[in-house]
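Values in this text are rule-based calculations from the coordinates and carry no lab data. Owing to the predicted nature of the structure, the values given are computational and were not obtained by experimental measurement. Ideal geometry is used to build each Cβ from the backbone, glycine not excepted, and the neighbour counts take in all protein chains shown.
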Amino acid sequence: MDSMTLNKPVQAAVTQPVKVSARDVKVYYGAKRALHGVNVDIYQNEVLAMIGPSGCGKSTFLRTLNRMNDTIDICRVEGKILLDGEDIYDPKLDVVQLRARVGMVFQKPNPFPKSIYENVIYGPKLHGLATRKDEFDAIVETSLKRAGLWNEVKDRLHEPGTGLSGGQQQRLCIARAVAVSPEVILMDEPCSALDPIATAHIEELIDELRESFTIAIVTHNMQQAARVSQRTAFFHLGDLVEVGDTEEIFTNPRDERTQGYITGRYG
Amino acid sequence: MSPTEHTVKSFEAELQRLSNLIAQMGGVVEAQVEAAVQAVGRRDVEGATKVMQGDVRLDEFERQIEHDAIRMLALRAPVGVDLREVLAALKISADLERTGDYAANIAKRSIALAQLPVMRPAGTIPRMGRLVQEMLKDVLDAYIDRDVEKAVAAWHRDEELDDLYTSLFREVLTYMMEDPRNITPCTHLLFIAKNLERAGDHATNIAETVHFLVRGQPLTAERPKGDKSSFTIIEPVEGEG
């Protein structure tokens, strides 16, 4: 056997700098601990998928990345989350600014009960990113193009966003998220309410968005994780069990629990 | 939560069935190789004919395994160890099918050989045959038991087989040079030996597949190439025979 050298597992071909860094992140809901110390780096321009059974902590973790958990009174976060090396839980940090840098797309499309146009410029207006009409027009066009929705809605920008189909509404929400030029986009099961065609549109979009943004996506659909991400993290019972190249996770996971989950032997 | 059984029982059953098919097909191939080598040694035309006819079953096995594997890839989208399981079945069935072809070819040539005078180098054929059978048995056992150590041990034995083949090759060339009437039986012997040598290579392929199946990584070590017959030159010696 001594003449034999085995292939080392393929390591993530990461050449990008770290965008988000989580260090020993623990989350409590009252006395109950939901996350037991998560350590993970998210690299610039990558899509990191987070998978795991319900209640494993993946959504909880996602929501710590732009302090969405702040809205829950009994929720407490320990540890450090750094965005470009900056602690996002620093009390001096402006949370509204943070959420402009780290945008979020939710499970159910949630356009405001306003026109398509108003939906897109809501954030830029709030953050004072533009003042003149032509500037807003430009933001609307660019954002809707980035979200792959422009051609479908350019002639009815002033119709209500809620009148669009589910898939279009979700792309409108993505347009709304990218309108403020965030650096990171968090997606919490963005396709779970969509049909396979609309899902394919969003997945294609995620791939394109990756060129400009860093994306963290929570999904219950493992094939989706396999299709859209470069790296995958598996959560189980509040622990980050394993994170690695998506290819490696889906062909040769190292941890038995990951193996059990992805192959459907979870029980 | 330990990886035990699939939540979806029918998936578990399909994987088991695939594995059973490989085991059965492997058993048939072992028997085919054994019978073919025996037909050479015993100059048994009837036995050889049976081997040739038996090859059809292996083609059927291969088709069935391919069909099941493609169906599982399409409908179950297997990942992790399940994906490796399906890929391994596809690869191993191809190796077994080819090994069966070699057995059939050996049987065919044994019929021609039975009508020709016995050549001394023929004595090496049963030795090569035994070695191939042992390798086949070991790699198939390794597959069934998911035993990487056993697979790797069998993988190393291919060197022995290559050495036997190289020495037979030299011997056969010498006989042909001695007397042109030896050329016909010797050529058949040479092809039979080559078939066995190739069967050994397919057994090592299976060993590599078992390694991949269990460990998730390819067996990358270079196996020393023992078949030196490609470089062998034998010059007739002046004034002899």
Long-range amide H contacts for A:Val241: which residues qualify at under 5 Å (H placed 1.01 Å from N, peptide plane, sequence gap of 5 or more or a different chain)?
-> A:Phe234, A:Phe235, A:His236
Report the label-to-label distance for A:Thr15 and B:Asp59 in nanometres (one decimal), using points 7 Å from each Cα along the Cα→Cβ vector.
-> 5.1
In whole angstrom, how far apart do the alpha carbon centroids of the range B:150-165 and the range A:96-125 sit?
-> 66
Express in nm, to one decimal, how much length is gained between B:Thr220 and B:Ser167 on full extension, taking 0.36 nm for each residue of separation and deducting their alpha carbon distance.
-> 16.3 nm
Shielding of A:243-253 by partner chains, average beta-carbon count, 10 Å = 3
How compact and how long is the protein assembly as shown, expressed as Rg and Dmax of its alpha-carbon atoms in Å?
-> 32.2, 107
Pairs to check: A:Lys80/A:Lys133; B:Lys9/B:Lys150; A:Lys32/A:Lys145. Give those whose C-alpha atoms are more than 32 Å from each other in this structure.
-> A:Lys80/A:Lys133; A:Lys32/A:Lys145
Kirkwood Rh, Cα atoms: Rg over Rh of the range A:185-267 = 0.97
Treating only Lys and Arg (+1) and Asp and Glu (-1) as charged, each at its beta carbon, one finds that chain B has a dipole about its Cα centre, in Debye to the nearest 20, of 380
Rg/Rh of the range B:35-82 (Cα atoms, Kirkwood Rh), to two decimals, equals 1.34
Lys/Arg +1, Asp/Glu -1 at C-beta; chain A dipole; positive extreme among A:Ala147, A:Leu48, A:Val27 = A:Val27
Interatomic Cα distance distribution for the range A:18-262, bins of 10 angstrom, percent = 8, 32, 35, 20, 5, 0
To the nearest 10 degrees, how steep is helix B:45-76 against the longest Cα principal axis of chain B, on a 0 to 90 scale?
-> 30
Rounded to the nearest 20 debye, dipole of the protein assembly as shown from Cβ charges on Lys, Arg, Asp, Glu | 1420
Expressed in Å to one decimal, the Kirkwood Rh of chain B from all distinct alpha-carbon pairs is 19.1
Roughly how many whole Å is it from the C-alpha centroid of the range B:71-129 to that of the range A:48-94?
-> 57
Checked against the positive end of the charge dipole of the range A:193-236 (+1 on Cβ of Lys and Arg, -1 on Cβ of Asp and Glu, about the Cα centre), the farthest of A:Met222, A:Ile202, A:His236 is A:His236
Pop a pseudo-label 7 angstrom from the Cα along the beta-carbon direction at both A:Ile197 and B:Arg17 and give the gap in nm to one decimal.
-> 3.4
Sorted by chain and number, the residues with a modelled amide H under 5 Å from that of A:Leu35, at a separation of 5 or more or across chains, are A:Val27
With each run of n ≥ 4 DSSP H residues scored as -39500 (n - 2.57), what mean residue ellipticity at 222 nm is computed for chain A after dividing by its residue count and rounding to the nearest 500 deg cm²/dmol?
-> -9500 deg cm²/dmol
Say we join alpha carbon atoms closer than 10 Å with springs in a Gaussian network model of chain A; which of A:Thr71, A:Thr214, A:Thr162 then has the biggest fluctuation?
-> A:Thr71
Helix-derived [θ] at 222 nm for chain B: sum -39500 (n - 2.57) over DSSP H runs of at least 4, divide by residue count, nearest 500?
-> -28000 deg cm²/dmol
HN-Hα J couplings of the range B:132-137 from phi, Karplus 6.51/-1.76/1.60, θ = phi - 60°, integer Hz, Gly and Pro as x?
-> 4, 4, 5, 4, 4, 4
Net charge near B:His202, counting Lys/Arg +1 and Asp/Glu -1 over other residues with Cβ under 12 Å of its Cβ?
-> -4
